1. Counting just the residues of the stretch 199-213 that are among the charged types (D, E, K, R) and open to solvent by 10 Å² or more (accessible area, probe 1.4 Å), which one comes out nearest to VAL244 (Cα to Cα)?
2. Just to verify a result, which residue in the stretch 234-262, among those that are in contact with a Pro (Cβ under 8 Å, 6 or more places away or on another chain) and assigned to a loop (DSSP other than H, G, I, E, B), is surrounded by the fewest Cβ atoms within 10 Å (Cβ to Cβ)?
3. With respect to THR160, is the statement that it is surrounded by fewer than 17 Cβ atoms within 10 Å (Cβ to Cβ) and at pLDDT below 85 true?
4. I'd like the full set of residues that are under 24 Å from the mean Cα position of the chain (by Cα) and modelled with pLDDT under 90, limited to the stretch 203-232.
5. Which one of these does VAL110 not meet: (1) at pLDDT 70 or above; (2) touching a helix residue (DSSP H, G or I) at 6+ places or on another chain (Cβ under 6 Å)?
6. Is there any pair linking a residue in the stretch 117-134 that is farther than 13 Å from HIS180 by Cα to one that is among the polar types (S, T, N, Q) and at pLDDT below 70, with Cβ under 7 Å and at least six apart or on different chains, and which?
7. Which residues, taken from the stretch 63-81, are outside any loop (DSSP other than H, G, I, E, B), of a type outside the set (Val, Ile, Thr) and open to solvent by 50 Å² or more (accessible area, probe 1.4 Å)?
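The values are calculated or read from the model by the stated rules, or taken from the named source; none is laboratory data. Every value quoted in this text rests on a predicted model; they were computed, and no experiment measured them. Cβ sites come from the backbone with ideal geometry, for glycine too, and all protein chains shown count toward neighbours. We work out accessible area using only protein heavy atoms, side chains counted, and drop any ligands, DNA or RNA first. Shrake-Rupley method; radii C 1.70, N 1.55, O 1.52, S 1.80 Å.
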Amino acid sequence: MKRRRRLWVVALAVGGLLAGGGLYRLARMRAASRVVDVLPSFTEPGAGPRAPGSTLFGFEVGTHRLPEVKTRLMALGWDCPDTSMRGLMQKMREEKLAEIEAVKARGGDVDSVTGASMVKRRSPKEANPQVRLTCEGISIGAVFALDPDIAKTPASPTGTSPSPAGGSGRLVLVFDSPAHPLRHVSFERSHRSDEVALALKDFSTATARLQRDLGPAHKAPPVAGDDSLPWLTPVESAWAFADVHAKVMVINWGARGIALTETLEIPWPVRADARAAPLARR
């Protein structure tokens, strides 16, 4: 009798543990499905001069909004998916949902679809509402054409061309959330390892293009006096205002080629609308 009673006690304890574990997992799933936007604590621009401009290739950080940027990209016919964590997870859900529907159409068992539960589950990583539009394989010449004042770019020390227009690159535009203005614009392209002179010309004219809008660079590379580009040593021109940062950087990866990136952004964590609304509540 005592033994039977002990067995019942053990059974009830195990059942309680299993039920508790199940309730815990259910609570976590429900909490994950209710993930809300979590934004950082933004700050006002610090002391120091403000930038005289905030535009790169026609995209104005701190001012342009997501709908108008998307409309412009669509008009250009460019494919620029959202590659933020939230955007990538949503894409995976859509692909998984399509797979599930295909299995249903064949009369198959949905439980056989690996990862089917992710359709209803949200990851805590998705709390960041950032939108990151990434345009891959975009013609360099087409991006340069977005700059209405590119013809006004001063002649660079290595030539007067606005930069090599051949090849393609990656354009990235970042918003803190769908409700915030543009924070970041960058355009990265590459040159072959044997195109050092061409890469240096691209670097020089990109620097001249930003100098046209921002004035002399706050940080400039030393004058090499030749056409060399050290291996794995970044060479950059940079501007650092209280409300805008900009940079042109070129790096020689050896046999992998030479990468050049132009960047203009509202420095983190300054609020992205500081330029458009300088008297907003603190």
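1. Just the residues of the stretch 199-213 that are among the charged types (D, E, K, R), to begin with: 201-202, 209, 212-213.
With the extra rule that they be open to solvent by 10 Å² or more (accessible area, probe 1.4 Å), the set shrinks to 201, 212-213.
On the way: LYS201: 25, ARG212: 15, ASP213: 12 Å.
Per the stated criteria, the residue is ASP213.
2. Taking the candidates together, the pick is ALA242.
3. On the way: surrounded by fewer than 17 Cβ atoms within 10 Å (Cβ to Cβ): yes; at pLDDT below 85: yes.
Here the answer is yes, as THR160 does meet what is asked.
4. The one that is under 24 Å from the mean Cα position of the chain (by Cα) and modelled with pLDDT under 90: LEU232.
5. Of everything listed in (1) at pLDDT 70 or above; (2) touching a helix residue (DSSP H, G or I) at 6+ places or on another chain (Cβ under 6 Å), VAL110 misses just condition (1).
6. Sorted first by the residue in the stretch 117-134, then by its partner, the pairs are LYS120/SER33; ARG121/SER33; ARG122/SER33.
7. Selection gives PRO67, GLU68, LYS70, ARG72, MET74, ALA75, LEU76.
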